[in-house]
1. Please identify the pairs in which a residue from the range 32-55 that is under 16 Å from TYR137 (Cβ atoms) has its Cβ atom under 8 Å from the Cβ atom of a residue that is charged (D, E, K, R) and surrounded by 13 or more Cβ atoms within 10 Å (Cβ to Cβ), counting only partners at least 6 apart or on another chain.
2. Determine whether ASP187 is assigned to a strand (DSSP E or B), within 30 Å of ASN23 (Cβ to Cβ), at pLDDT 90 or above and of a type in the set (Asp, Glu).
3. When residues of the range 9-55 are filtered for being exposed (fewer than 13 other Cβ atoms within 10 Å of the Cβ), of a type in the set (Asp, Glu) and at pLDDT 55 or above, how many remain?
4. Among the numbered criteria (1) surrounded by fewer than 16 Cβ atoms within 10 Å (Cβ to Cβ); (2) part of a strand (DSSP E or B); (3) of a type outside the set (A, V, I, L, M, F, W, C), which single criterion is violated by ASP109?
5. From the list PRO138, PRO159, which residue is modelled with pLDDT of 95 or more and under 22 Å from GLN48 (Cβ atoms)?
6. Consider ILE164 carefully, then state whether it is touching a helix residue (DSSP H, G or I) at 6+ places or on another chain (Cβ under 7 Å), of a type in the set (A, V, I, L, M), closer than 19 Å to ILE115 by Cα and in a loop (DSSP other than H, G, I, E, B).
7. Please work out if ILE142 is β-branched (Val, Ile, Thr), outside any loop (DSSP other than H, G, I, E, B) and free of Cβ contacts under 8 Å to residues at least 60 places away in the same chain.
8. Would you be able to tell me the number of residues in the range 107-123 that are modelled with pLDDT under 95 and in contact with a Cys (Cβ under 9 Å, 6 or more places away or on another chain)?
Amino acid sequence: MDSKDIREFDKEIYTQLDTVDHNIVYSGNKIKRAVIKMAYVNIEPIIQYSSDELLYVCVMNGAVQLFCNVTKLLPPAYCHYIRASSYHENEQSSEVKIIQPTDMYLAADIKQIIIFDDICDSGKTLQAVVKYYQNTYPNTAITTAVLLHRLRDDAIYKPNFAAIQTDSTEWFAGYGLDNKGKDRTLDYIYSIPQDIGG
């Protein structure tokens with residue numbers, strides 16, 4: 001593909017983006033700035049241990065983009081990928097399902113854990129993941145960081161850090177967040193008019 005073809009390709013892509021029927025709430029550039037700020041201003045200063053004693057946890061599937069983009073800016077560490085969710089088909093359930101990482105044995109002498117998730121809404125998912133790691137690694141410092149923190153008075157858990165805070169009740173998709181399984185790979189976030197309720 002030569003430079004002319006690349007320009008035409010770029011033009012086609014941007015034309016397609018212009019016609020996407022999405023109510024974009026957070027642009028890719030805004031998210032990128034917020035994520036970089038959280039990495040360098042909030043998270044890096046609190047890291048106290050070496051790579052052999054430090055663990056980053058990615059809450060699957062939604063936190064994948066955030067996790068990759070933040071941790072590459074931080075010191076090296078062990079990584080866990082854990083499945084935990086209180087949502088199904090854009091509906092919030094009362095139970096949080098957790099599937100243990102298959103590589104737990106790789107990080108035995110952990111002293112500090114940083115958990116990354118896509119969104120903190122009611123706080124049920126993050127609370128469950130934190131409790132899981134508190135039981136797995138007692139007396140270990142645990143910090144939580146999310147892409148989006150929905151500000152709610154009735155939340156049972158609040159993250160330590162959030163790239164973006166919002167009081168909107170709309171459903172969000174993009175940048176890891178899904179719309180019934182779709183649109184996780186978008187680099188921006190759009191809203192779906194839907195009151196998520198309690």
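The values are calculated or read from the model by the stated rules, or taken from the named source; none is laboratory data. Quick caveat, the model's predicted, so the values are computed rather than measured. No Cβ is skipped: glycine too gets one built from the backbone with ideal geometry, and neighbour counts run over all protein chains shown.
1. GLN48/LYS111; TYR49/LYS111; GLU53/LYS111; LEU54/LYS111
2. No; evaluated as a whole, the condition is false for this residue.
3. Number of matching residues: 1.
4. For ASP109, the exception is condition (2).
5. Answer to the check: PRO159.
6. no
7. In short, yes.
8. 1
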